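Enquirer: Just passing along the structure, written as structure tokens.
Read-outs: derived from the displayed coordinates by stated rules, not from any lab. Since we're looking at a predicted model, the values are computed, not measured. Glycine also receives a Cβ, built like all others from the backbone with ideal geometry; neighbour counts cover every protein chain displayed.
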Amino acid sequence: MKKLMIPLIFIFCSCMQEEADELQPTPESTRIDSRLPIVKPGNDCLVAFYPFNGNANDMSSYANHGIVDGPVLTSDRNGYANKAYYFDGLDDIIVAPDQSQLHLQDEFTISSWILPETVKSQFIVRKGPVVNGAFATPYALGMSGTRDIVFHLSPDGVYNSIQYRRYRTGIWYMLTVVYKNGTANIYINKTLVSQEVIPTGTFNYDAQPLLIGSRLQQISNTFKGKIDEVRIYCKALTAREVGTLHTETAPSPRGG
């Protein structure tokens, strides 16, 4: 397979904490109250939406379609054929061109349904491959080889991360990360599992593309499993909106 050429500045290596076997909320976690009024996420601020319904087209109003290099269409969490993409964990990637609506600043949300097959270092979504310097990847969502979910943020080019220790394999779940004015959150399905405050600053952007499923098309950073319904909002979804998004997109009884 011919690889797409993505600039390499510096390969990031992360030392995480030891593995854990079960996915459990942290003590400060909060579960969405099902009695709350339904609040539909604001699609007016949906700057990218890849439902993977037979292709990698962006179904937001921006139509910033992805280029598929390796991933193959597969069944989604409801068992419907050709409604998600399978990544081989080796060099599969989907690349969408840089566009100004992806240059997020004070607040934003990234959400995706995933089914990871194995514990490894792997990326779900990231803006460019660069890890150091003024134009280090502004935002990225990935997983470590020590079973951490990692939300990477680089205000002013300075690397920060928020982590949740423990991710499960072999099952579907919705993973959502939210940033607003220095506060970063990680949600799994409807549950807030991690929240941290990081230094604020300006996210610097160049012409690096949006990457789905890998960073450099290498074993050390390519997702292994299924990815579906990647969404990026230019607003911070509230806990209610995250809960509603999960409710509206959760597997039907026939799903698995």
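Enquirer: Dipole of the range 140-244, Cα-centred, from +1 at each Lys and Arg C-beta and -1 at each Asp and Glu C-beta, to the nearest 20 debye? Intermediate results must be reported in sequence, preceding the final value.
Expert: Details: 12 positive and 7 negative charges, 86 e Å.
Dipole of the range 140-244, to the nearest 20 debye: 420 debye.
Enquirer: Name the residues of the range 138-161 whose amide N is less than 20 Å from a point 7 angstrom out from the Cα of V197 along the C-beta direction?
Expert: Label zone hits: 151-156, 158-161.
Enquirer: Taking a point 7 angstrom from the Cα of S100 along the C-beta vector, which residues in the range 115-139 have backbone N less than 13 Å away?
Expert: Answer for this model: none.
Enquirer: Of K120/K235; K120/K226; K190/K235; K127/K235; K127/K224, which pairs sit farther than 23 Å apart, going by alpha carbon to alpha carbon? Spell out each step's value before the answer.
Expert: Numbers: K120/K235 30 Å; K120/K226 14 Å; K190/K235 18 Å; K127/K235 17 Å; K127/K224 19 Å.
Violating the 23 Å limit, Cα to Cα: K120/K235.
Enquirer: Label point 7 Å out from I67 along Cα-to-Cβ: which residues of the range 85-103 have amide N under 16 Å?
Expert: 92-99
Enquirer: Residue by residue, what Karplus-based ³J(HN,Hα) values in Hz, rounded to whole numbers, does the range 147-157 have, using 6.51, -1.76 and 1.60 with θ = phi - 60° and x for Gly and Pro?
Expert: Coupling constants for the range 147-157: 6, 9, 7, 10, 9, 8, 9, 10, x, 6, x Hz.
Enquirer: Quick one: P(r) of the range 89-239 from all Cα-Cα pairs, 10 Å bins, percents rounded to integers, in order of increasing distance.
Expert: 12, 46, 36, 5
Enquirer: Would you work out the relative contact order for the range 101-256, in percent, from Cα pairs under 8 angstrom that are 6 or more residues apart? Can you show the working numbers first?
Expert: Details: 365 pairs, mean separation 50.6, N = 156.
The value is 32 percent.
Enquirer: Compute the separation of the alpha-carbon centres of the range 181-256 and the range 96-131 and state it in Å as a whole number.
Expert: Their Cα centres are 7 Å away from one another.
Enquirer: Measuring from label point to label point, each 7 Å out along Cα→Cβ, what is the D156 to T118 span in nm?
Expert: Reported label-point gap for D156 and T118 is 4.0 nm.
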